[in-house]
Amino acid sequence: MDNKITNAKKVATKIDTPKPDANQEAEKPIAKAEAQLDKVKEFSTRVAKIKDELKKDVVGQEEIIDSVIIAIVAGGNVLLEGVPGVGKTRLVRSLGRVLSLPFSRIQFTPDLMPSDVTGANIVEKDENGKLVTSFRKGPIFANLVLADEINRATPKTQSAMLEVMQEHKVTVGNNVHKIAEPFFVLATENPIEQDGTYPLPEAQMDRFVFKLIVKFPSDDELVNIVKMTQVTLDETAESVINGEEILEMRALASQVLVSDEVLMYAIKLVSGTHPELDSACPSTKKYVKYGASPRAAQALITCAKVKALMDGRYNVSYDDINELAYPVLRHRMKVNFTAVNDKLSVDDVIAMIIKETKKVH
């Protein structure tokens, strides 16, 4: 009797269970695609707002602004090279206002000590009069850090930045102090002053996702700069985004699609900068002393994802890789004397490598 009841329930369950609607199953991928499209549009809108506000304080330099935004969203650091007075410091201060993030400036000098950057343990009295040790944070504990004229500091102080830039934490004694996200270091260096400077070592340079060259403004831009500063020297940009939204944008960028062909092209481009490899480009063997590190390939893909979203796409293209190859590679590879003798810059050699990699890929 019990078996009959059980079998009857099974039959009833089979009869009563509704079959999945084929139309509903087909609509799921469409709904997912529409949701992704909305997120891409929202991403582009946020970037457009950031750029509009920055234009209130920074004249021209559209390429620099785009690259800095890409680096912030990607979670990287930027090295700015340019003559004094082209607005490097103003750009970072304005970014702090637009992104609603705490801003800190460190003026690097030959007598600057590592503890002046990271902070140090100090001994002080507590409420009961006992001596206690506490950690006093340095200026590096901010979301946006301007490392002004970083090549003026000694190698000892420059090295203190390595762990912070790469791992976003500071180790003092036996204690590890984490830095709040998002964290971004923008370092500047002056290319025309060499007296009293200490060139950044390769290990330090590799920590920067981009090296950007800030060009001198045109005559029209210089006119606008003078007019702007006659009104006020203070930044006038307003906040349009916060740290949590930047982290959301970073999470979305990590999901952008990269085809195997585009990925292999980026890998070939980086490996093509190594003259010791058999697969190296002819220009590399002729003009390059040493090539880029594996971090260059990571930076190319990570930043290309952000650039794709900024352009309203959900996939990385070859053009994204080619455009970002210059800021990603120019500080990670070194040209030899032959290139200098032929009056070729690093960017000229990168252009040759891109052209030759296109032919064989």
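Identify, from the list LEU277, LEU263, LEU269, the residue that is without any contact (Cβ under 8 Å) to a residue 40 or more places away in the chain, more than 29 Å from SER94 (Cβ to Cβ) and either in a helix (DSSP H, G or I) or assigned by TED's automatic domain parsing to the domain that holds LEU54 (or both).
Details: LEU277 fails: either in a helix (DSSP H, G or I) or assigned by TED's automatic domain parsing to the domain that holds LEU54 (or both); LEU269 fails: without any contact (Cβ under 8 Å) to a residue 40 or more places away in the chain.
One residue alone meets the criteria, LEU263.
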Query raised in the report: Residues in region 100-115: is at least one surrounded by 22 or more Cβ atoms within 10 Å (Cβ to Cβ), within 23 Å of the chain's Cα centre (by Cα), modelled with pLDDT of 80 or more and among the small types (Gly, Ala, Ser)?
Result: no
Query raised in the report: Quick one: LYS227 ticks every box in (1) outside any loop (DSSP other than H, G, I, E, B); (2) in contact with a strand residue (DSSP E or B) (Cβ under 9 Å, 6 or more places away or on another chain); (3) among the basic types (Lys, Arg) bar one, so which box is it?
Result: (2)
Requested in this report: Considering each residue of region 336-353, count those that are buried (at least 19 other Cβ atoms within 10 Å of the Cβ) and β-branched (Val, Ile, Thr), and give that number.
Outcome: 4
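Are any residues in region 42-65 of a type in the set (Asp, Glu) and crowded, with 16+ Cβ neighbours inside 10 Å, and if so, which ones?
So in region 42-65, the residues of a type in the set (Asp, Glu) come out as 42, 52-53, 57, 62-63.
Passing the criteria: GLU53, ASP57.
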Requested in this report: Mind listing just one residue for me: the one in region 150-169 that is of a type in the set (Val, Ile, Thr) and under 16 Å from LEU186 (Cβ atoms) and, of those, nearest to the chain's Cα centre (by Cα)?
Outcome: VAL164
**Report entry** Any chance GLY312 is under 23 Å from ILE65 (Cβ atoms) and either in the same structural domain as LYS358 (by TED's automatic domain parsing) or hydroxyl-bearing (Ser, Thr, Tyr) (or both)
**Finding:** yes
Requested in this report: For region 73-128, please list each of the strands (runs of 3 or more DSSP E) lying entirely inside it that holds at least 3 residues being within 29 Å of PHE43 (Cα to Cα), assigned by TED's automatic domain parsing to the domain that holds THR154 and charged (D, E, K, R).
Outcome: none
Report task. Please identify the pairs in which a residue from region 46-68 that is under 22 Å from GLU81 (Cβ atoms) has its Cβ atom under 6 Å from the Cβ atom of a residue that is among the acidic types (Asp, Glu) and modelled with pLDDT under 85, counting only partners at least 6 apart or on another chain. Result -> ASP57/GLU235; VAL59/GLU221; GLY60/GLU221
**Report entry** Matching residues in region 277-318 - criterion: being of a type in the set (D, E, K, R), at pLDDT 90 or above and surrounded by fewer than 23 Cβ atoms within 10 Å (Cβ to Cβ)
**Finding:** LYS285, LYS286, LYS289, ARG295
Query - Any hit, region 343-350, residues being polar (S, T, N, Q) and not in a helix (DSSP H, G or I) - result: yes
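Residues are listed down the side, and each one gets a yes or a no for (1) farther than 30 Å from ARG46 by Cα; (2) among the β-branched types (Val, Ile, Thr):
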residue	(1), (2)
ALA297	no, no
ALA304	no, no
ARG313	no, no
VAL316	no, yes
ASP319	no, no
VAL335	yes, yes
ASN341	yes, no
ASP348	yes, no
ILE353	yes, yes
Report summary line: Of the residues in region 56-95 that are more than 17 Å from the chain's Cα centre (by Cα) and more than 22 Å from ASN143 (Cβ to Cβ), the one that is modelled with the lowest pLDDT is VAL86
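Out of ALA339, ALA325, which single residue is assigned by TED's automatic domain parsing to the domain that holds MET264, under 28 Å from ASP260 (Cα atoms) and touching a residue at least 12 places away in the same chain (Cβ under 8 Å)? First the steps, then the outcome.
Values: ALA339 fails: under 28 Å from ASP260 (Cα atoms).
That would be ALA325, the only listed residue that is assigned by TED's automatic domain parsing to the domain that holds MET264, under 28 Å from ASP260 (Cα atoms) and touching a residue at least 12 places away in the same chain (Cβ under 8 Å).
The values are calculated or read from the model by the stated rules, or taken from the named source; none is laboratory data. Predicted model only: the values in this text are computed from it and were never measured. Cβ atoms come from the backbone with ideal geometry, glycine included; neighbour counts cover every protein chain shown.
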